[in-house]
Amino acid sequence: MRNFAEKQEFIFSKITDQCFQQRDLSGCDLSGIDLRAVDLSGINLIGADLQSANLSGAVLTGANLSGANLMQANLQDAYLYEVSLCEANLTAADLTHANLCGAFLWRVKLCGSKLWGASLCDADLSEADLTEAKLVEASLIEANLVRANLTGAQLCGAMLLEANLNQANLTAADLTWANLMEANLSEANLWEANLTNAKLQGAIMPDGTIHQPQIFFF
């Protein structure tokens, strides 16, 4: 591409093509592209470079972005239902209020990413790197976080009901007011984690015991 305008025009011709097979942009350089509110459902973006791209409000239902570079990308309010982002790099990306329910995020890099109020219900985040990610009031109900790295993550007010945090690293994580009822924390590392006012009823604790609420008799 000779210039950015030509690249943008080429991309739009691809994604608006009526032939589904033409919506294959795997490995393409889409860095800095503006695809706000564009319907990208089912598109193939495996290994694509989307660094600093603007995908706010975009619809990516069922899209495949495995191994894609989305560093510092804007995905605010994006609809990412059942999207595949396995081993993708979303370091410092903005996913505020994004819908990632049912998404496949195995080994995804979300270091320092903004996920305030994001929906990650039933998402597979096994072995994901969420170091210092901002997950304030995010919904992670029944999410798979087995062996995920949540060191220093901000999970204040997050919903983690029945989430699987087996062997997860929650060192220095902020879990104040988080809802961890029925969550699986077996073998999890909670060193210096802040659990002030967290709800832990029925949760499986790191030592394998089930947390029971304290009952006070007057």
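Any residue at all in the stretch 173-195 that is β-branched (V, I, T), assigned to a loop (DSSP other than H, G, I, E, B) and open to solvent by 70 Å² or more (accessible area, probe 1.4 Å)? So far as the stretch 173-195 goes, no, none of its residues is β-branched (V, I, T), assigned to a loop (DSSP other than H, G, I, E, B) and open to solvent by 70 Å² or more (accessible area, probe 1.4 Å).
Residue-by-condition table, conditions (1) open to solvent by less than 40 Å² (accessible area, probe 1.4 Å); (2) out of contact with any Gly (no Cβ under 8 Å at 6 or more places or on another chain); (3) modelled with pLDDT under 95:
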site	(1), (2), (3)
L25	yes, yes, yes
L30	yes, yes, yes
I33	yes, yes, yes
D39	no, yes, yes
A58	yes, yes, no
N89	yes, yes, no
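Of the set (1) open to solvent by 20 Å² or more (accessible area, probe 1.4 Å); (2) out of contact with any His (no Cβ under 9 Å at 6 or more places or on another chain), all apply to A123 but (1). Restricting L170, L135 to residues that are within 11 Å of the chain's Cα centre (by Cα), farther than 17 Å from L85 by Cα and aliphatic (A, V, I, L, M) narrows the list to L135.
Scanning the stretch 68-87 for residues that are open to solvent by 40 Å² or more (accessible area, probe 1.4 Å) and either of a type in the set (G, A, S) or part of a loop (DSSP other than H, G, I, E, B) (or both) gives M71, Q72, Q76, D77, Y81, E82, E87.
In this structure, does I15 turn out to be more than 18 Å from the chain's Cα centre (by Cα), of a type in the set (A, V, I, L, M), modelled with pLDDT under 95 and surrounded by 21 or more Cβ atoms within 10 Å (Cβ to Cβ)?
Values: more than 18 Å from the chain's Cα centre (by Cα): yes; of a type in the set (A, V, I, L, M): yes; modelled with pLDDT under 95: yes; surrounded by 21 or more Cβ atoms within 10 Å (Cβ to Cβ): no.
No: the conditions fail for I15.
Mind listing just one residue for me: the one in the stretch 178-218 that is of a type in the set (A, V, I, L, M, F, W, C) and modelled with pLDDT under 95 and, of those, farthest from A138 (Cα to Cα)? Restricting to residues being of a type in the set (A, V, I, L, M, F, W, C) and modelled with pLDDT under 95, the top hit is F218.
Any residue at all in the stretch 146-158 that's part of a loop (DSSP other than H, G, I, E, B), open to solvent by 60 Å² or more (accessible area, probe 1.4 Å) and modelled with pLDDT of 95 or more? Yes, the conditions are met somewhere in the stretch 146-158.
For a quick check of your reading of the model, give me the residue pairs whose first member lies in the stretch 83-105 and is free of Cβ contacts under 8 Å to residues at least 24 places away in the same chain and farther than 14 Å from L120 by Cα, whose second is β-branched (V, I, T) and surrounded by 24 or more Cβ atoms within 10 Å (Cβ to Cβ), with beta-carbon atoms closer than 7 Å and at least 6 apart or on different chains. Between residues of the stretch 83-105 that are free of Cβ contacts under 8 Å to residues at least 24 places away in the same chain and farther than 14 Å from L120 by Cα and residues that are β-branched (V, I, T) and surrounded by 24 or more Cβ atoms within 10 Å (Cβ to Cβ), the close pairs are C86/V108; E87/V108; A88/V108; L90/V108.
The set of residues from the stretch 93-118 being touching a Phe, Trp or Tyr at 6+ places or on another chain (Cβ under 9 Å) and either open to solvent by less than 10 Å² (accessible area, probe 1.4 Å) or of a type in the set (S, T, Y) (or both) comprises L95, T96, A98, L100, A103. Contact map, the stretch 146-161: residues that are over 11 Å from L130 (Cβ atoms) paired with residues that are among the hydroxyl-bearing types (S, T, Y) and open to solvent by less than 30 Å² (accessible area, probe 1.4 Å), Cβ distance under 7 Å, separation 6+ or inter-chain. Pairs shown: V146/S126; R147/S126; C156/T176; M159/S139. When A163 is tested against (1) crowded, with 19+ Cβ neighbours inside 10 Å; (2) touching a Ser or Thr at 6+ places or on another chain (Cβ under 9 Å); (3) closer than 15 Å to L195 by Cβ, only condition (2) is not met.
The values are calculated or read from the model by the stated rules, or taken from the named source; none is laboratory data. If you're wondering where the values come from, they're calculated on a predicted model, not measured in any experiment. In this analysis, Cβ positions are derived from the backbone assuming ideal geometry, glycine residues included, and neighbour counts consider all displayed protein chains. The protein model used for the area step is the full one, side chains on, heavy atoms only, and it has no ligands, DNA or RNA in it. Shrake-Rupley method; radii C 1.70, N 1.55, O 1.52, S 1.80 Å.
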